[in-house]
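Structure first, commentary second.
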Amino acid sequence: MDTAPKTSTLAACSQVFRLSLRRQFFTRQTIVMLVLLALAVLITYLWSLPKPWHPDTRTAAELARQIVLPLYMGFLLPVICLGYASAAIADERTGETLVYLLTTNIPRPLVYLSKYAAALLLTLGMTLGGLAALCLVPGKIGLEALGIFWTVTACATAAYVGLFLLFSAWVRRATFLALAYALMIETLTGNIPGIVKRITVSFYAKSWLYESGEPIDLAPGGVVLGLFDPVTAATAQWVLGLASVGFVALGMWIFSRKEYD
Amino acid sequence: MKTESRVTTALAEMRNVSKWFGPVMALNGVNLEIGSGITGLVGPNGAGKTTLLRLLTGQIKTSLGGIDVCGRDAWSARAKDHIGLCPFGDATWDELSGRKLMRVTAGMRGFTGAEARRRAESVLETVGMAKRADRPVRTYSKGMRQRIKLGQALVHDPDLLVLDEPLNGVDPVGCEELNDLFRTLAAQGKAVLVSSHILHEMDQLADRILFICRGKLLASGSLAEIRDMLDDHPLKVRISCGSPRCIAPQLLMLESVKSVSIEPPSDLLLEVQNPSRFYAEFGEFAAGNDAQVQRLKATDTSTEAVFDYLMERAARPE
């Protein structure tokens with residue numbers, strides 16, 4: 001401890017990133033999510049088996065409409081994002097270890113950014129890995145669906161992680177707030193006709209999917225599509241991208257100013 | 001109450017700092033300087049000690065006033081280069097081993113590779129945990145956790161070390177070892193701020209003491225200086241001698257002695273108004289008389305006694 005200190009902020013951020021990644025991976029959340037993904041894979045496998053009342057071969061559109069959209073995009077994706085992102089800072093608060101992050105010489109916005117990067121990487125691994133597992137079970141039709149879904153999944157994950165991490169920086173019990181959001185806003189508001197659902201991440205993800213899924217005829221037809229009233233894929237991409245950046249920027253701002261107890 | 005002795009080089013400075021949480025005023029117009037050496041921060045529960053430490057380490061912002069650490073705003077990341085904090089709670093990333101935790105802490109301070117490892121090993125040696133550092137921290141006793149937390153605070157060699165109840169849960173031998181470590185760090189020119197509610201810990205440890213109560217700084221300075229300034233509480237001195245009844249009237253003749261009482265068989269209890277003057281007068285008296293003085297001891301110069309007097313003074317109506 002006698003030499004002049006030669007330090008690097010980048011190295012310090014990298015350490016926060018690695019520590020967060022490690023601590024979040026070895027948690028109960030990971031076990032719960034792996035169990036949920038395994039159940040989803042099992043459901044997909046059972047769905048893909050030939051049945052007496054459905055002797056025809058399954059199509060990619062059926063897989064997307066009956067499994068991936070409702071089960072994965074509608075439930076698993078937000079739950080996985082919620083599980084990791086809402087706990088990223090809130091767990092440090094409840095575990096009383098946040099003090100060590102707040103008293104390092106890393107500027108607070110960079111601490112937040114490191115936490116975001118760790119949560120995003122872990123969540124992307126889980127969401128894209130889960131999607132791949134789900135799509136590979138039924139074989140070739142799954143590959144077609146995977147090609148359509150993976151980019152949307154990645155962008156929606158970035159937006160959800162940004163939003164739920166923002167909750168985590170904002171309130172102590174961020175998981176409850178994130179659950180309430182997922183149930184009230186994403187699920188209920190996201191499924192009612194009109195323009196209110198345009199405040200949800202899932203609306204833009206679906207809009208993008210309906211357009212990029214045209215080769216497999218993914219979008220619902222006629223009245224249903226009219227009621228949903230999707231935006232173009234380009235608009236959806238812009239909104240998801242800007243929302244992700246905006247959520248992260250807002251989270252950095254809150255984290256850099258908030259006095260944590 | 002502020003004594004004459006000023007901090008030689010202030011590493012941390014609080015200027016008219018107030019902090020309130022909603023309607024609760026946690027700290028009220030505090031001015032203080034912390035320089036090299038050991039500074040004790042004492043006060044009852046709810047006095048504002050933790051708020052003061054959190055402000056000083058840049059965890060919370062002041063409502064009024066300013067705090068500088070090594071010339072930088074305490075809230076800034078640059079100031080935290082100079083601060084090492086050992087927080088009160090036991091919590092740390094306790095799934096890691098002590099060694100890994102120390103390397104991670106060094107890494108979070110921006111040290112990389114071999115330098116992070118060197119610092120981790122050096123600090124583990126310093127806090128006496130080198131041989132026990134491969135176990136997960138969750139298996140450590142409270143005393144071992146205190147040492148590891150202290151190591152985390154020391155790993156980047158800070159100028160200002162802020163320790164919130166650092167001896168809590170440490171065994172007596174460990175306390176002595178850690179106190180020696182604090183003295184060594186102070187001798188190296190570092191500022192060590194130790195918060196404690198166990199007042200007698202401060203008697204031998206602290207060079208200066210900050211007495212705080214109800215969010216206000218009651219007094220700051222060395223214990224002797226603060227004690228001398230308590231005019232309304234004469235210093236109590238116990239003298240053991242061969243013939244107390246003979247010398248009692250003679251002692252009353254000294255100007256600095258306010259009262260003398262005899263405590264059989266061989267003790268005298270004096271109330272002294274001006275301690276430094278008394279010691280000078282008593283030296284001359286003992287040299288010129290056959291007083292057979294065996295022992296002379298001030299009985300109310302401890303941190304605890306001074307704190308009681310300060311609390312009593314603070315509770316008195318203006």
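The values are calculated or read from the model by the stated rules, or taken from the named source; none is laboratory data. Keep in mind the model is a prediction, meaning the values are calculated, not measured. Please note: Cβ atoms are built from the backbone with ideal geometry, for glycine as well, and neighbour counts cover all protein chains shown. The area values use the complete protein model at the heavy-atom level, side chains included, leaving out ligands, DNA and RNA. Shrake-Rupley method; radii C 1.70, N 1.55, O 1.52, S 1.80 Å.
Here is a yes/no grid of residues against (1) part of a strand (DSSP E or B); (2) within 9 Å of chain A (Cβ to nearest Cβ); (3) surrounded by fewer than 24 Cβ atoms within 10 Å (Cβ to Cβ):
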| position | (1), (2), (3) |
| --- | --- |
| B:ASN28 | yes, no, yes |
| B:ASN31 | yes, no, yes |
| B:GLY40 | yes, no, yes |
| B:LEU55 | no, no, no |
| B:ALA77 | no, yes, yes |
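In this structure, is A:PHE75 among the aromatic types (Phe, Trp, Tyr) and within 30 Å of B:PRO87 (Cα to Cα)?
no
Of all the helices (runs of 4 or more DSSP H) wholly in the range A:168-261, which have at least 3 residues that are touching a Phe, Trp or Tyr at 6+ places or on another chain (Cβ under 8 Å)?
Because the criterion is at least 3 residues that are touching a Phe, Trp or Tyr at 6+ places or on another chain (Cβ under 8 Å), the helices (runs of 4 or more DSSP H) in the range A:168-261 that meet it are A:174-180, A:201-212, A:233-257.
Here are some conditions: (1) without any contact (Cβ under 8 Å) to a residue 60 or more places away in the chain; (2) aromatic (Phe, Trp, Tyr); (3) farther than 21 Å from A:LEU37 by Cβ. A:PHE167 meets all but one. Which one does it not meet?
Every listed condition holds for A:PHE167 apart from (1).
A:LEU34 versus (1) within 14 Å of chain B (Cβ to nearest Cβ); (2) modelled with pLDDT of 95 or more; (3) open to solvent by 10 Å² or more (accessible area, probe 1.4 Å): which is the lone unmet condition?
(1)
Search the range A:90-100 for residues being of a type outside the set (Val, Ile, Thr) and at the interface with chain B (Cβ under 8 Å from one of its Cβ atoms), and hand back the single one that is nearest to B:PHE88 (Cα to Cα).
A:GLU96
Applying the selection to the range B:274-298, what residues are loosely packed, with under 13 Cβ neighbours inside 10 Å and in contact with a helix residue (DSSP H, G or I) (Cβ under 8 Å, 6 or more places away or on another chain)?
B:SER276, the sole residue that qualifies.
Which numbered condition in (1) closer than 22 Å to A:SER256 by Cα; (2) surrounded by 14 or more Cβ atoms within 10 Å (Cβ to Cβ) is the only one that A:LEU10 fails?
(2)
Of the residues B:THR105, B:THR62, which is assigned to a loop (DSSP other than H, G, I, E, B) and either touching a Leu at 6+ places or on another chain (Cβ under 8 Å) or under 30 Å from B:ALA26 (Cβ atoms) (or both)?
It is B:THR62.
Does B:LEU150 count as more than 11 Å from every other protein chain (Cβ to nearest Cβ), in contact (Cβ under 8 Å) with a residue 60 or more places away in the chain, under 21 Å from A:LEU101 (Cα atoms) and crowded, with 18+ Cβ neighbours inside 10 Å?
Yes: the conditions hold for B:LEU150.
From B:GLY89, B:GLY46, which residue is within 12 Å of chain A (Cβ to nearest Cβ) and part of a loop (DSSP other than H, G, I, E, B)?
Just one listed residue meets the conditions, B:GLY89.
Taking the options B:VAL173, B:VAL155, B:VAL194, name whichever one is aliphatic (A, V, I, L, M), more than 28 Å from B:LYS19 (Cα to Cα) and buried (at least 21 other Cβ atoms within 10 Å of the Cβ).
Selected residue: B:VAL155, the only one of B:VAL173, B:VAL155, B:VAL194 that is aliphatic (A, V, I, L, M), more than 28 Å from B:LYS19 (Cα to Cα) and buried (at least 21 other Cβ atoms within 10 Å of the Cβ).
Quick grid of which residues meet (1) surrounded by fewer than 23 Cβ atoms within 10 Å (Cβ to Cβ); (2) closer than 30 Å to A:LEU143 by Cβ:
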{"site": "A:TRP170", "(1), (2)": "yes, no"}
{"site": "A:THR189", "(1), (2)": "yes, no"}
{"site": "A:GLY194", "(1), (2)": "yes, no"}
{"site": "A:SER202", "(1), (2)": "no, yes"}
{"site": "A:TRP238", "(1), (2)": "yes, yes"}
{"site": "A:ALA243", "(1), (2)": "yes, yes"}
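Could you list, in sequence order, the residues of the range B:205-241 that are among the small types (Gly, Ala, Ser) and crowded, with 18+ Cβ neighbours inside 10 Å?
Of everything in the range B:205-241, those that are among the small types (Gly, Ala, Ser) and crowded, with 18+ Cβ neighbours inside 10 Å turn out to be B:ALA206, B:GLY215, B:ALA219, B:SER220, B:GLY221.
Okay, residues lined up against (1) within 14 Å of chain B (Cβ to nearest Cβ); (2) in contact with a strand residue (DSSP E or B) (Cβ under 7 Å, 6 or more places away or on another chain); (3) of a type in the set (S, T, N, Q); (4) open to solvent by 10 Å² or more (accessible area, probe 1.4 Å):
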| site | (1), (2), (3), (4) |
| --- | --- |
| A:THR104 | yes, no, yes, no |
| A:GLY125 | no, no, no, yes |
| A:VAL137 | no, no, no, yes |
| A:ALA158 | no, no, no, yes |
| A:PHE164 | no, no, no, no |
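Limited to the range B:99-115, what total is found for residues that are at the interface with chain A (Cβ under 7 Å from one of its Cβ atoms) and hydrophobic (A, V, I, L, M, F, W, C)?
Number of matching residues: 3.
Please go through the range B:283-314 and give me each residue that is within 18 Å of B:GLU271 (Cβ to Cβ) and part of a helix (DSSP H, G or I), ordered by number.
Those that are within 18 Å of B:GLU271 (Cβ to Cβ) and part of a helix (DSSP H, G or I): B:PHE285, B:ALA305, B:VAL306, B:ASP308, B:TYR309, B:GLU312, B:ARG313.
B:ASP94 fails exactly one of the following numbered conditions: (1) within 11 Å of chain A (Cβ to nearest Cβ); (2) part of a helix (DSSP H, G or I); (3) of a type outside the set (Phe, Trp, Tyr); (4) more than 30 Å from B:ASN16 (Cα to Cα). What is the number of that condition?
With respect to (1) within 11 Å of chain A (Cβ to nearest Cβ); (2) part of a helix (DSSP H, G or I); (3) of a type outside the set (Phe, Trp, Tyr); (4) more than 30 Å from B:ASN16 (Cα to Cα), B:ASP94 is out only on (2).
Name the one entry in B:GLY35, B:GLY58 that is over 22 Å from A:SER256 (Cα atoms), touching a strand residue (DSSP E or B) at 6+ places or on another chain (Cβ under 9 Å) and in contact (Cβ under 8 Å) with a residue 12 or more places away in the chain.
Just one listed residue meets the conditions, B:GLY35.
When you scan the range B:123-132, how many residues do you find that are modelled with pLDDT under 95 and open to solvent by less than 20 Å² (accessible area, probe 1.4 Å)?
Total meeting the criteria: 2.
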